[in-house]
Amino acid sequence: MGRIKRGRYWAILIGNKYVFEHRLVMEKKLGRPLTQDECVDHIDRNPENNSPDNLRLFSTHGEHTKVAHADIFISQSIVRKGIHFSPKTEFKKGSFKQFVEGHYNVWKWRNKK
């Protein structure tokens, strides 16, 4: 059985395919295979710590991003709003002010000391 680093994560060779070690540990903990939609998170954010107590399961990658990486989720939400931004309609609906305030709050949160 081969074990290699794939990016920041350990992967194990099973048959002719590499599988991430943290997913295998979670499958063993649950006693069932994971679905493709399910996402395993390292609670301490250390991808080398694949202890069962350090792993938690999310039903989707989106749910994982919302909870485990809230800072990324907030900034991506603002970017998505910017892509669909239409000054004529958004200003009338009052969304322009919310967009600017939300963007400023994320900037302020990221740059706090």
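No value in this document is a laboratory result; all are computed from the given coordinates. Small disclaimer: the values here were computed from a predicted structure and weren't measured. Don't worry about glycine lacking a Cβ; one is built from the backbone with ideal geometry, like all the others, and counts go over all protein chains shown.
Things worth noting here:
- Protection proxy ranking of 16-26, 51-61, by the mean of other Cβ atoms within 10 Å over each peptide's residues and highest first, is 16-26, 51-61.
- Spin-label pair D53-K28: with each label point 7 Å from Cα along the Cα-Cβ axis, the two points sit 1.6 nm from one another.
- This ranking places T65, T35 by how few other beta-carbon atoms lie within 10 Å of each, fewest first, which gives T35, T65.
- Relative contact order [Cα under 8 Å, 6+ residues apart], the range 3-67, whole percent: 27 percent
- Note on I4 and A68: the extension gain reaches 20.5 nm, defined as 0.36 nm multiplied by sequence separation minus the Cα-Cα distance.
- Rounded if a/c under 1.5, otherwise prolate or oblate - the range 3-67, Cα gyration tensor axes: prolate
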